[in-house]
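Take a look at the structure set out below.
Readers should treat all values here as calculations from the given coordinates under stated rules, not as data from a laboratory. Everything numeric in this text was worked out from a predicted model, so none of it was measured. As a convention, Cβ positions derive from the backbone with ideal geometry for all residues, glycine included, and neighbour counts pool all protein chains shown.
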Amino acid sequence: MTRGAGTSAVTGMTRLDATRRIAAWLGDDPAVPIVASLGHPAYDLFAAGDRDANFYTWGSMGLASSIGLGLALAQPKRRVVVLDGDGSLLMNLGSLATIGWTRPVNLVLVVWDNALYGTTGGQDTATAHGADLAAAARAMGLTAVETVTTIEELGRTLDRIDGEPGPWVVVAKVGENVPAVKPPLDCVFIKQRFMAAIGNAEAATEGAPI
Amino acid sequence: MSSDSFPQWAAGVCAGLHGAGSRHVIYVPDNPLSHVLRVLRDRYPDVATTIATREEEAFGIAAGLYLGGARPTVMLQSSGLGNSLNALTSLLVPYQIPALILISMRGDAGEWNAAQVPMGRAVASICDAIEVPHATAELPETTAETVALVGKTAFGTRRPGACLLPRRLTVPATKVGQ
């Protein structure tokens, strides 16, 4: 374990604080889908307030941004928010290239950058040693990219997102916190509840004429 | 190239996925699949195609498309199944998220590249092991029906399902082994 070897200094907000700020931002619209990367980002989303339109992943590390991209392409008039982690995005950096190519204006990708693998014991990620995920996003053709380090900066960026088309990438420098709760464990329940909340209930959950 | 030159199997793949209700194809290209893409471009303007950088990413995008109300198709070469396993086993299968999976086979009869053989030989066993049902399109004239049935089964039962496209189907006999 090499925690502390890099520059993963704790900044002005924890991931949970920042997640609560995102939840407050979306608070008046229960149908905005939020996709959370597995582990601590999903746990904190649940802690910030469970809602039907939260899609908690329990696996598929790295794919939260891809799931969000698919949602954004399927529902171009609906804002889609993804809460990713730095370690997770590093596992699927190609996703930035695909988002940069397809450019869904309704996608908001928030990356919790705590410079460590928080769910697995706090090992450094590459962002503790110079990797810059905002620069990576820009290099893939994305232009609505911000790095924020405080709740106030995050709030100002969320205000901008309300007025400017995406795709947005917000790299939020956060401190790690230890979650105390976990989201529902049943994957099919999560999916069916989520799809119904965004107006797309599966036929199998609704009954059908014979 | 005129539309007359589309191979029958490739036209069948497109008719099949379209008939299963799929209007989104996420793919990592390979040589035979280029024929499928040409048919889609020529005959199916209502089908959107998106290239992924990696097969695992393609399955993530497909999962999001399904959650958003679409019926996604993922196209890949058999070599890419290895890149897809975590997405399939920890997202699509446990969440019961369907996708029509079209696998352009390498490593089967007619292969010339030894590096394609181990995964090619393992595809069916891997699909069985992770409980992804699979069928093989055997003939050009039955490909549309097979693809459509795999797709309808996948979307109807909310499980990913694979249709294998063997080299004896996708590569002209004069080129097999080259």
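For chain A, the longest principal axis of the alpha carbon atoms and the long axis of helix A:187-197 meet at an angle near 70°. Against the main long axis of the alpha-carbon atoms of chain A, helix A:151-163 sits at an angle near 50°.
Dividing the mean sequence gap of close Cα pairs (under 8 Å, 6+ apart) by how many residues chain B holds gives a relative contact order of 27 percent.
The antiparallel fraction among DSSP beta bridges confined to the protein assembly as shown stands at about 5%. A Förster distance of 35 Å, applied to the separation of the beta-carbon atoms of residue B:153 and residue A:120, puts the FRET efficiency at 0.40.
The mean count of C-beta atoms from other chains within 10 Å of the C-beta of residues in B:88-95, rounded to a whole number, is 6.
Of all aspartates and glutamates in the structure, the ones whose alpha carbon falls short of 19 Å from that of residue A:173, not counting any fewer than 8 places away in one chain, are A:17, A:44, A:84, A:86, A:113, A:124, A:132, A:146, A:152, A:153, A:159. A protection proxy built from the mean count of other Cβ atoms within 10 Å ranks the segments B:54-66, B:28-40, A:77-89, most packed first, as B:54-66, A:77-89, B:28-40.
Under a point-charge model restricted to the Cβ atoms of Lys and Arg (+1) and Asp and Glu (-1), what is the dipole moment magnitude of chain B relative to its Cα centre, in debye to the nearest 20?
The calculation lands at about 140 debye.
Under the convention that each Lys and Arg Cβ holds +1 and each Asp and Glu Cβ holds -1, the size of the dipole of the protein assembly as shown around its Cα centre is about 480 debye. Specify whether the C-alpha gyration tensor of the range A:25-132 places it in the rounded, prolate or oblate class, a ≥ b ≥ c being the square roots of the eigenvalues: rounded for a/c under 1.5, otherwise prolate if a/b is larger than b/c and oblate if not. Verdict is oblate for the range A:25-132.
Between residue B:89 and residue B:43, the contour length at 0.36 nm per residue exceeds the Cα-Cα span by 13.2 nm. State whether the range A:15-201 is rounded, prolate or oblate according to the following rule on the C-alpha gyration tensor (a ≥ b ≥ c being the square roots of its eigenvalues): a/c under 1.5 gives rounded; otherwise a/b larger than b/c gives prolate, and the remaining case gives oblate. The shape class here is rounded. Only bridges whose two residues both fall in the range A:15-201 count here: according to DSSP, what percent of them are antiparallel, nearest 5? So the antiparallel bridges amount to about 10 percent of the total.
Nearest 10 degrees, 0 to 90: what angle lies between the long axis of helix A:64-74 and the longest principal axis of chain A (Cα atoms)? The answer is roughly 40 degrees.
Among A:185, B:60, B:136, which residue has its Cα positioned farthest towards the positive end of the charge dipole of the protein assembly as shown, with +1 placed on the Cβ of Lys and Arg, -1 on the Cβ of Asp and Glu, and the dipole taken about the Cα centre? Among A:185, B:60, B:136, the one farthest towards the positive end of the dipole of the protein assembly as shown is B:136.
May I ask for the equivalent-ellipsoid semi-axes of the protein assembly as shown, computed as the square root of five times each C-alpha gyration tensor eigenvalue and listed largest first in whole Å? Let's see the in-between values first.
Values: eigenvalues 290, 98, 72 Å².
Rounded to whole Å, the semi-axes are 38, 22, 19.
Take the Cα of residue A:205, step 7 Å toward its Cβ, do the same at residue B:173, and the gap between the two points is 5.2 nm. Put in line by how crowded their Cβ is, counting other Cβ atoms within 10 Å and starting with the fewest, B:126, B:103 read B:126, B:103.
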